[in-house]
Each structure stands twice: as C-alpha cells, then as structure tokens.
Amino acid sequence: MKLVQHIKQALRAPTVKQLESVGRLAHTPSAACFIAATSLAFSNEQLTTGGVVRYVLLYFWGVILFATGLLCNPKQPPRWLFPFLDAR
C-alpha cells in the first residue's frame with residue numbers, strides 16, 4: 001500500500017527532479033519520431049496512403065512529445081511556446 005501512496009504523491013505533486021526526468025523521457029521518443037519520419041521521407045519506398053499516414057503520425061507524436069518535455073521543464077517554463085500558462 002505504501003508504494004501506491006508514493007505513486008499517487010509523485011503524480012499529484014512531482015518534485016523538480018521528477019519533472020526533469022519526465023521531460024527527458026518525453027524528448028527521447030520525440031527525437032526518435034522525427035528521425036524515423038525523416039528516414040521514411042527519404043526512403044526509396046513508393047509513396048502510398050499508408051506511408052503518408054505513418055509519416056504524418058510520426059511527426060504529430062514527435063511534436064506532442066516535444067511539447068510535453070517542454071512543459072515538464074521546471075527551471076524555465078516555455079512561455080514563448082505556451083503564453084497562456086501561469087507561472088509555476
């Protein structure tokens with residue numbers, strides 16, 4: 001039961017180090033998505049509907065994960081990207 005309480009506490013009010021870790025964790029698959037989408041774009045494969053969908057989805061998730069990593073940065077909130085956010 002103590003483990004569940006610790007997990008709930010980490011999700012409710014994460015520490016600075018936990019936020020930094022989540023930000024790094026989000027940036028890693030973001031970079032992988034961008035690399036994979038770029039590799040797919042420059043491959044010799046024929047352009048099909050499925051290929052375009054894969055390409056768009058990879059870039060979409062790359063942007064989402066990149067923004068998540070920025071939001072989890074406790075030291076410098078990305079006000080230039082998300083001006084509607086309140087200061088922490």
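Select from segment 28-62 those chymotrypsin sites (Phe, Trp or Tyr not before Pro) which occupy a DSSP coil region and have at most 10 other Cβ atoms within 10 Å, ordered by residue number.
Passing sites in segment 28-62 are F42.
In bins 5 Å wide, starting from 0, what share of all Cα pairs of segment 1-63 does each bin hold, as a percent?
Final binned percentages: 4, 16, 17, 14, 11, 9, 9, 9, 6, 4, 1.
Laboratory data are not the source of any read-out in this text; all were calculated from the coordinates shown. Being a predicted model, the structure only gives us computed values, none of them experimental. Virtual Cβ from ideal backbone geometry, glycine too; neighbours counted across all protein chains shown.
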